[in-house]
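The structure follows.
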Number of protein chains: 2
Amino acid sequence: LHLNPFLLYLAYFTSLSFTGFWVLRGLKPRTSSFRPKDIDFFFTSVSAVTVSSMSTVEMEIFSNTQLIVMTILMFLGGEIFVSMASLHFRNSKWKKFLKIQDEAVSSNIELGMVSSNSKPPSSENILDLGILFHTQSDKSLPNNNDFLMYSSLRLLVLVILGYLIVVHVLGVAFVSLYLALVSSASHVLKNKGLKMFTFSVFTTVSTFASCGFVSTNENMIVFSKNSGLLMILIPQVLLGNTLFPSCLRFSIWVLGKMFKKEETNYLLSNTSEIGYLHLLPTQHSSFLVFTVFGFILVQWVMFCSMEWNSEQLIGLNSYQKLVGGFFESVNSRHTGETIVDISTISQAILVLFVVMMYLPPYTSFLPIKDGERDSQVLFVRRKRRGKIVENLLFSQLSYLAIFVILVCLTERGKMKEDPLNFNVLNIVVEVISAYGNVGFTTGYSCKRQVNPDGSCQDKFFGFAGKWSNEGKILLIIVMFFGRLKQFNMDGGKAWKLL
Amino acid sequence: LHLNPFLLYLAYFTSLSFTGFWVLRGLKPRTSSFRPKDIDFFFTSVSAVTVSSMSTVEMEIFSNTQLIVMTILMFLGGEIFVSMASLHFRNSKWKKFLKIQDEAVSSNIELGMVSSNSKPPSSENILDLGILFHTQSDKSLPNNNDFLMYSSLRLLVLVILGYLIVVHVLGVAFVSLYLALVSSASHVLKNKGLKMFTFSVFTTVSTFASCGFVSTNENMIVFSKNSGLLMILIPQVLLGNTLFPSCLRFSIWVLGKMFKKEETNYLLSNTSEIGYLHLLPTQHSSFLVFTVFGFILVQWVMFCSMEWNSEQLIGLNSYQKLVGGFFESVNSRHTGETIVDISTISQAILVLFVVMMYLPPYTSFLPIKDGERDSQVLFVRRKRRGKIVENLLFSQLSYLAIFVILVCLTERGKMKEDPLNFNVLNIVVEVISAYGNVGFTTGYSCKRQVNPDGSCQDKFFGFAGKWSNEGKILLIIVMFFGRLKQFNMDGGKAWKLL
Ligand SMILES: [K+]
Ligand SMILES: [K+]
């Protein structure tokens, strides 16, 4: 069975989105007075599955059951879970292969026959399921290395599973504890009629999966003074996203100090053979940490220096401002929870956020040594596709430019009438936010209308909520495109900029 | 003498800019009532030298003498002239080398001595002066190939010189003829008190050098109905910019059909040994033509379909609209003459123009064959720089994002007060336009002020004219950066996006 990994991923996310849409629509919303349109249910489902947290309806319209469904969607759509599942899937193929070969040897079946029937799980159908994996497909007998590979991969799956469980359990425990201890936070939830435990689980899953949905309308703005809660969420954001490769490597290393020496050594020193996208070589892992904190520092300094005295942060003390700024800087890649209204922050920071949202999670400064390693990875990826497809693919930025232009076309009427809300920057923020699966949005503000419309009411949903259906569909495509971007990071090779 | 080609280029453009500034400031402007500030003189000089045509003052304030000075600046700053000059400079080194070696052979001087004193002009000090050039520096005697190389290069210089002269003479002749025949165009100039011949020369030089300055305040808007004039300028835009490599190759090929067979064959088949940036291999040259016309077609279709009934084009007949749209599409890369007010065109087209302005002139679709050729070029370029420098360089887009953020910072006050004029899109258009040395600008409009200011008067200069001095200085840096972009097209190699 040779399945194209891209199609496999696409089928998984699409079917999950449709299932989510169908279930969410079937359940009763919290109030019977307002019922979202079908497209908004679908948008929300896609947004949860692709961990984007873009919204076209307010969060508080969802009932407790709907929130639980969304929690499941976010968990199943999270990159760490998906990559673990595909690793497990690949591993079960290895198991089958080793078993067959074992039987073959023990019953002395002719080698030629065996080798033609069962090859080691080839790289073609698992490559890029978060996995770049080389095997010599002409060998016919499993050797010691194969068994070590198998047991190492099994260990890797177990480590990731343990990682998932530990972070989630600790997250839920800490958030629940915080809510139990700090009345100002639990008070907010009581007023809104939200269940404490659902909130804890929802927020933890959402944060760790880098989704960024929060079950309050105001996202984290309403908790901007609860620095403790922000401090609990910050590590979860980092552990579940930009720092995952470094933490995974560290976990394996710690495990190796205690037991399973052979497997952990194999895992740590053969990252390219293993080809798990989230397990990087030592040097890359450490530079990643520097890069992540470097980016956070730049944003933090800029945010604090520009927004220190802004209206948004009035009422916060210096400590709360510092924690809030840090939270915001961490969230621009790619969780997208926010303690301020994005549309009111300084335009310079907004541009910086756009850059940060665009950069993929494991963007890292990596000094050039011999220029061989990365070209090797590219070469492996390139080989997979036919020349024709290769030539037709554009680069990521070209696609994004095309999407922005298309949205400008679908919303062109509103761009003329309502130029302060419907401007290109806000559209770019929305598109890049969807592409980066972030969820930052400038929203829509009645105050910004140049020709005030008496019936306009400010709502707590994303800017896309005010778009036409065509615009929303475009954004749904962008979210999928962003979630599957790992398959096109080398697009546009046939274009020469000179 | 081993000069860093980047520094050589930088010194050339800087000294030319300062000379231009000094001369322009010394000359009397047309009216004594208004005198531009020093920064605006410098800005204009830089804009002419880097062929950007960004403006912070209206063009009609310049006297005839000042226009002539600007013509010279544009001519000396044009890429074709500069690359021809550097090719000639390199060729004179070859001549010296061949002469010395010749004498060495005839007077039987010891070979060892000769070879240590005079090497063939090495690639290090001429590389990237529009030139990627390989020689084996350990040979000590000129061979036949060296002589052929020398005579081919000499021929190449002559061909470029001929090309320059023919296009300029024809251009001036055609524009003058048009003005003599069509009274509506010459009437405009008479009313403005502009000299016909100066206008012809200025416009021709400006168009062919891809500068895009026009001596009228309104740029080409005032000639939007003069389709004939636009039709004369369109080929000059293309011949002097995006299509230059293809036309140069064609000229050499035609020349080879008549005489100088050996040299033209050498030129046509050894493009990488010759390493002249504007002489591309056959396949690249032909794909470049397709790409250029593909881009024009996309813009043309979009411009005509979106702007056909716009206010701007009212009063033009269908033929004039088609020619005007074509002219606009050709000018977005990178000449920047315009027949409409850029700020009033549809935002979708504006985004498309931003992309087009960003793409360097010889951007080309080039199907992947074996992936060797371009990596070779990259390798050559990379070798030149030290590892440390290499690691510190960012990609072009990163620098542009930084410049946009910096301008947002310097203009942050105005961005709050005057959000329809000072919005991020307009700043991005201005910065990318300066980077691409285009000259498109959204300008500044009193009508767009949200809080109208009674004393505001609409002026015919670029948006940058309303910026603070810091903003203008940033834009001057961006123009230089854009003009010298050929030295950093491979920046950001030390960053891995994963
Ligand atoms: K997110
Ligand atoms: K220009």
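Place a +1 charge on the Cβ of each Lys and Arg in the protein assembly as shown and a -1 charge on the Cβ of each Asp and Glu, then give the dipole magnitude about the Cα centre in debye, rounded to the nearest 20.
So the dipole magnitude of the protein assembly as shown works out to roughly 380 debye.
Positive end of the charge dipole of chain A (Lys, Arg +1 and Asp, Glu -1 on Cβ, about the Cα centre): tell me which of A:Gly325, A:Ile68, A:Gly315 has its Cα farthest that way.
A:Ile68
How large is the dipole of region A:171-298 about the Cα centre if only Lys and Arg carry +1 and Asp and Glu carry -1, each at its Cβ, rounded to the nearest 20 debye?
It comes to approximately 360 debye.
Below 8 Å between Cα atoms, with a sequence gap of 6+, how large is the relative contact order for chain B in percent?
On the way: 702 pairs, mean separation 92.8, N = 498.
Relative contact order for chain B comes out at 19 percent.
How many nm separate the modelled label positions at A:Ile68 and A:Leu497, each set 7 Å beyond the Cα in the direction of the Cβ?
5.0 nm
Below 8 Å between Cα atoms, with a sequence gap of 6+, how large is the relative contact order for region A:10-53 in percent?
On the way: 23 pairs, mean separation 22.6, N = 44.
Normalised by residue count, the contact order of region A:10-53 is 51 percent.
Further question: How far is helix A:196-208 tilted off the main Cα axis of chain A, in degrees rounded to 10, range 0 to 90?
60 degrees
One decimal, nm, shortest first: give the distances between the label point of A:Leu484 and those of the same position in the other copies, each label point 7 Å from Cα along Cα→Cβ.
Result, one decimal in nm: 4.4.
Okay, next question. Using only Cα atoms, locate the centre of region A:294-320 and the centre of region B:158-192, then give the distance between them in Å, rounded to an integer.
58 Å
Tell me the angle of helix A:144-181 to the major Cα principal axis of chain A, expressed in degrees between 0 and 90 and rounded to the nearest ten.
Between the helix axis and the principal axis of chain A, the angle is about 20 degrees.
Under the convention of a label 7 Å out along Cα→Cβ, give the distances in nm from B:Lys28 to the same position in every other copy, shortest first.
The projected label point of B:Lys28 is separated from its counterparts by 8.9 nm.
To continue, here is another question. Per residue, how many Å² of accessible area does region A:208-270 show with a 1.4 Å probe?
36 Å²
Could you pull out the trypsin sites (Lys or Arg not before Pro) across region A:143-219 that fall in loop regions by DSSP (anything but H, G, I, E, B) with no more than 16 other Cβ atoms inside 10 Å?
Passing both the DSSP loop test and the Cβ count: A:Lys195.
Cross-link list B:Lys190/B:Lys414; A:Lys192/A:Lys485; B:Lys321/B:Lys447; A:Lys485/B:Lys447; A:Lys99/A:Lys261; A:Lys496/B:Lys95: which exceed 31 angstrom alpha carbon to alpha carbon?
Cα-Cα > 31 Å for B:Lys190/B:Lys414; A:Lys192/A:Lys485; A:Lys485/B:Lys447; A:Lys496/B:Lys95; rest within.
Could you look at region B:278-326 and say what percent of its accessible area is carbon and sulfur, using a 1.4 Å probe and all protein chains? Kindly include the intermediate steps, with their values, before the conclusion.
Numbers: 1650 of 2350 Å².
Looking at region B:278-326 in its full context, I get 70 percent from C and S.
So, one more: How many Å² of accessible surface get buried when B and A come together, counting both sides, probe radius 1.4 Å, rounded to the nearest 100?
Values: alone 23010 and 23050 Å², together 41840 Å².
Counting both chains, the buried surface is close to 4200 Å².
Considering only protein heavy atoms, what per residue accessible area in square angstrom results for region A:425-498 with a 1.4 angstrom probe?
Accessible area per residue: 35 Å².
Hey, another quick one. Round to the nearest 10 and report in Å² the accessible area of A:Met306, as given by a 1.4 Å probe over the protein chains' heavy atoms.
Estimated to the nearest 10 Å², A:Met306 gives 60 Å².
Continuing with this model, one more query. Working with all protein chains in place, sort B:Cys408, B:Cys446 by solvent-accessible area computed with a 1.4 Å probe, largest first.
The ordering from most to least exposed comes out as B:Cys446, B:Cys408.
If we hang a label 7 Å off Cα along the beta carbon direction at B:Leu177, how far is it from the matching labels on the other copies, in nm, shortest first?
8.8
Further question on the same structure: Write out the cysteines belonging to chain A for which the nearest other cysteine Cβ is not under 4.7 Å, or none if no such cysteine exists.
A:Cys211, A:Cys247, A:Cys304, A:Cys408
Across the residues of B:490-497, average count of Cβ atoms on other protein chains within 10 Å?
Values: counts 0, 0, 1, 5, 6, 6, 14, 10.
Per residue, the average neighbour count from other chains is 5.
Sort out the exposed loop GluC sites (Glu not before Pro) in chain B (DSSP loop, at most 11 other Cβ within 10 Å) and tell me the longest stretch that has none.
B:111-371
5 Å is the cut-off here: which amide hydrogens, built 1.01 Å from N in the peptide plane, fall below it relative to A:Tyr276, excluding neighbours closer than 5 in sequence?
A:Leu132
Moving on. Please work out the FRET efficiency for the pair A:Leu170 and A:Asp490, using the Cβ-Cβ distance as r and a Förster radius of 45 Å; give the result to the nearest 0.05.
0.75
Okay, next question. Where the centroid of each part is defined by its Cα atoms, how far is region B:1-54 from region B:228-255 in Å?
First find each Cα centre; the distance between them is then 28 Å.
How many nm separate the modelled label positions at A:Phe18 and A:Ser33, each set 7 Å beyond the Cα in the direction of the Cβ?
Between A:Phe18 and A:Ser33, the label points sit 3.6 nm apart.
If you take every residue apart from A:Pro360 with its C-beta less than 10 Å away from the C-beta of A:Pro360, what net charge results, scoring Lys and Arg +1 and Asp and Glu -1? Kindly include the intermediate steps, with their values, before the conclusion.
Values: positive: A:Arg333, A:Lys485, B:Lys496; negative: none.
Here the count lands on +3.
Right, next: Provide a list, ordered by number, of residues in region B:408-433 showing at least 50 Å² less accessible area with every protein chain present than when their chain is taken on its own, using a 1.4 Å probe.
Flagged in region B:408-433: B:Leu420, B:Val424.
According to a simple spin-label model (label point 7 Å from Cα along Cα-to-Cβ), what is the distance in nm between B:Ser183 and B:Trp253?
Label at B:Trp253, label at B:Ser183, 4.6 nm between them.
Just how large is the dipole of chain B about the Cα centre, in debye to the nearest 20, putting +1 at every Lys and Arg Cβ and -1 at every Asp and Glu Cβ?
Using Cβ point charges on Lys, Arg, Asp and Glu, chain B gives about 440 debye.
With axes computed from alpha carbons, what is the tilt in degrees of helix B:373-384 against the longest principal axis of chain B, rounded to the nearest 10 within 0 to 90?
Approximately 80 degrees, to the nearest 10.
The values are calculated or read from the model by the stated rules, or taken from the named source; none is laboratory data. Bear in mind that the values here come from a model prediction, so they are computed numbers and not experimental data. In this analysis, Cβ positions are derived from the backbone assuming ideal geometry, glycine residues included, and neighbour counts consider all displayed protein chains. Surface accessibility is based on the protein's heavy atoms, side chains included, excluding ligands, DNA and RNA. Shrake-Rupley method; radii C 1.70, N 1.55, O 1.52, S 1.80 Å.
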